[in-house]
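Okay, so here's the structure we're looking at.
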Amino acid sequence: YQALCKVPKPDGSDDMISTILSGDTEKPLILMAENTESDQENMKELLSLSYRVAIVENGEAVCEYLFTHGNEVSCLLLNLLVPDVDGFHVLEFMHTNGMMNEIPVVVMVETGSESEMKALRLGVDYFVSKSDNPEIILHHVRKAVEEKEFWKIRKEFNSQSHLLYEKAYEDELTGLANRHGLREVIDE
């Protein structure tokens, strides 16, 4: 799929990105793939209150941005009908590059579209109709970002919990069970 979704230019330029709203770098970054100017403006106005927003107008630009800046993206808001490389190719690109587990995706589809099942099989998190109220779309984006943050914190917690367990039940020098660890093994 990298043939369909070109990887970044050698000079590192991001000329396909139409808008990046700068601001507080502590705010999560939303990558929005939308080719309709009116929808771009509506969503940009709504999202920019809580998020930094990067707007791209076609699927190739989405793939390029994800390839170069994917670790910064908190959520992808994707119109499946973006030109050049469609949304399904973007989803397949993300799936083959292992990004689907890391970046939540909110897909905008036409009402009653059969595309939902195909997108669901590719790992999409949320679906919204393009005709929905922008507040509903914002709600789904917030849920996706919150869920990503929850799993990130949960992963860190599990890692720290494992380290604390090792410190409490294993000898630091030898890695063997200490007296607390031996008691637990005997009790089990």
Expressed in angstrom and rounded, the centroid-to-centroid distance over alpha carbons for segment 59-104 and segment 23-49 is 16
Above-threshold pairs, the threshold being 25 Å between Cα atoms, out of Lys27/Lys152; Lys44/Lys143; Lys44/Lys130; Lys44/Lys148; Lys130/Lys155: Lys130/Lys155
Karplus (6.51, -1.76, 1.60) ³J(HN,Hα), θ = phi - 60°, over segment 88-100, in Hz, Gly and Pro reported as x: 5, 5, 4, 5, 5, 4, 5, 5, 6, 9, x, 8, 5
What accessible area per residue, rounded to a whole number of Å², is obtained for segment 42-165 using a probe radius of 1.4 Å? 52
Show the residues, 5+ positions off or on another chain, whose built amide H is closer than 5 Å to the amide H of Leu78. Ala33, Val106, Val107, Met108
Excluding Gly181 itself, what net charge comes from residues whose Cβ is under 10 Å from its Cβ, given Lys and Arg +1 and Asp and Glu -1? -2
Spelling out what I want: for every residue of segment 25-32, take phi, set θ = phi - 60°, compute 6.51 cos²θ - 1.76 cosθ + 1.60 (Karplus), and round to whole Hz; glycine and proline get x. 5, 7, 6, x, 9, 9, 9, 10
Could you order Thr36, Thr174 by accessible surface area, starting with the largest, using a probe radius of 1.4 Å? Thr174, Thr36
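The values are calculated or read from the model by the stated rules, or taken from the named source; none is laboratory data. These figures come from a predicted structure and were not determined experimentally. Cβ: placed from backbone, ideal geometry, glycine included. Neighbour counts: every protein chain shown. Surface accessibility is based on the protein's heavy atoms, side chains included, excluding ligands, DNA and RNA. Shrake-Rupley method; radii C 1.70, N 1.55, O 1.52, S 1.80 Å.
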